[in-house]
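Q: Mind looking over this structure? Questions follow.
The values are calculated or read from the model by the stated rules, or taken from the named source; none is laboratory data. Here the structure is a predicted model, which means the values were calculated and not measured. With ideal geometry, Cβ positions are generated from the backbone for all residues, glycine too; neighbour counts draw on all protein chains shown. The accessibility values were calculated without ligands, DNA or RNA, using every heavy atom of the protein model including side chains. Shrake-Rupley method; radii C 1.70, N 1.55, O 1.52, S 1.80 Å.
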Amino acid sequence: KWKKISKISGVDSPEYQTLWKEVADLSPDNLSDTSIENFEIYEDASSDVIAYVSDDDGNGKWKMSINLPTHKLSDTKEQKITLIHELSHIITLNQDQFMKASGKCPNYETAEWCTRSSAYLNTFVKKFWWTAKTASYDPNTFVTEYASSNPEEDIAESFAFFVVGSDFSETSIKDQKIKFFSAYPDLMKIREWMRNVLASEIIRARKIQK
């Protein structure tokens, strides 16, 4: 597993290495090893952004950035859910989920790319978003208000709740969105990996408290 990283620029510290280890531990090997290229720590106390990911050149290699002041102000649960949210962007917006379209895109189209018909995001949009690209927040429809921003954020927020949750009634659209991922064996494996990591961290924390 790619847990050791080398400094490209700026400064390094044990704190930064610890943050990277949290990301690397939570991310399955075939995701962090193949898709995360750079890890960035920055400081913007005026921003409420905790973290974000970007693939600016579209080569399938992502940069994960963490805003240290806002990260520190967040509780542990919010930190973990944010990391899962960002990793889900890599899963749902990676190169293998998109195609080159000649002419009009026949599937859901992001700002830059046309999704494949089998892409998680395209299937999610066809099931839950129909033709709309924006929607008003409804607590029975979205897991968070942020999820109503657009389909890309909705699928990422829903996936985070899919990982950390355990009992979904499926009576609301929100619950159906969370259960959506259980139809994919590869996503179930990712969920199991992440939940095992989270459970181990909780156990370690309890031992320390004792």
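Q: Can you tell me which of 18, 70, 141 moves the most in a GNM of the chain? Springs connect C-alpha atoms under 10 Å apart.
A: Most flexible of the set in this elastic network: 18.
Q: Pick out the long, greasy-scoring helices in the chain: whole DSSP H runs spanning 30 Å or more along their own axis by Cα, mean Kyte-Doolittle at least -0.5.
A: Helices passing the filter in the chain: 185-209.
Q: Give a residue-ordered list of calculated ³J(HN,Hα) values for segment 57-68 (Karplus: 6.51 cos²θ - 1.76 cosθ + 1.60, θ = phi - 60°; whole Hz; x for Gly, Pro).
A: Calculated HN-Hα couplings, in order: 9, x, 9, x, 10, 9, 10, 9, 10, 10, 8, 4 Hz.
Q: Hey, another quick one. Explain nothing, just the number: dipole magnitude of segment 35-168 about its Cα centre with +1 on each Lys and Arg Cβ and -1 on each Asp and Glu Cβ, in debye rounded to the nearest 20.
A: 580 debye
Q: Between residue 30 and residue 126, what is the label-to-label distance in nm when each label sits 7 Å out along the Cα-to-Cβ direction?
A: The two pseudo-label positions are separated by 2.3 nm.
Q: What value, in deg cm²/dmol to 500, does the helix sum -39500 (n - 2.57) over DSSP H runs of n ≥ 4 give at 222 nm once divided by the residues of the chain?
A: Result for the chain: -14500 deg cm²/dmol, rounded to the nearest 500.
Q: Of the candidates 23, 163, 11, which one comes out as most mobile in a Gaussian network treatment of the chain with C-alpha springs shorter than 10 Å?
A: Judging by the Gaussian network model, the answer is 11.
Q: Report, in listed order, any pair from 77/177; 61/104; 21/61; 104/127; 21/189; 21/126 with a Cα-Cα distance greater than 29 Å.
A: 21/126, as the Cα separations exceed 29 Å there.
Q: Amide H of residue 41 versus every other amide H placed in the peptide plane: which residues, excluding those fewer than 5 positions away on the same chain, fall under 5 Å?
A: It is 66, by chain and number.
Q: Now a separate question. In a Gaussian network model over the chain where Cα atoms closer than 10 Å are linked, find which of 175, 12, 55 has the largest mean-square fluctuation.
A: Per the Cα network of the chain with a 10 Å cutoff, 12 tops the list.
Q: So for 31, 73, what's the accessible-area order with a 1.4 Å probe, most first?
A: Values: 31 15, 73 155 Å².
The ordering from most to least exposed comes out as 73, 31.
Q: Something else about it: With point charges of +1 on the Cβ of Lys and Arg and -1 on the Cβ of Asp and Glu, referenced to the Cα centre of the chain, which listed residue (30, 125, 14) lies farthest in the positive direction of the dipole?
A: 30
Q: Okay, moving on. Find how much the distance from residue 105 to residue 52 grows on full extension, using 0.36 nm per residue of separation minus their present alpha carbon separation; answer in nm with one decimal.
A: 16.4 nm
Q: Note the full-extension length gain between residue 95 and residue 173 as 0.36 nm times their separation in residues minus their Cα-Cα distance, in nm to one decimal.
A: 25.3 nm
Q: Hey, another quick one. Decide, for segment 75-186, between rounded, prolate and oblate: order the square roots of the alpha carbon gyration tensor eigenvalues as a ≥ b ≥ c, take rounded if a/c falls under 1.5, and otherwise choose prolate if a/b is larger than b/c, else oblate.
A: Prolate, since a/c reaches 1.5 and a/b exceeds b/c.
Q: Taking the full set of protein chains and a 1.4 angstrom probe, give the accessible area of residue 115 in square angstrom, rounded to the nearest 10.
A: Ignoring ligands and nucleic acids, residue 115 comes out at about 0 Å².
Q: Please work out the Cα center distance from segment 9-40 to segment 71-136, rounded to the nearest Å.
A: Going from one Cα centre to the other spans 22 Å.
Q: Need one number: nm distance between label points at residue 118 and residue 43, each 7 Å from Cα along Cα→Cβ, rounded to one decimal.
A: Taking the two extended label points, one gets 4.8 nm.
Q: Now a separate question. Given that just one value was derived from the coordinates, which of (1) 18.2; (2) 17.6; (3) 20.0 is Kirkwood radius over Cα pairs in Å?
A: Computed from these coordinates, Kirkwood radius over Cα pairs in Å corresponds to label (1).
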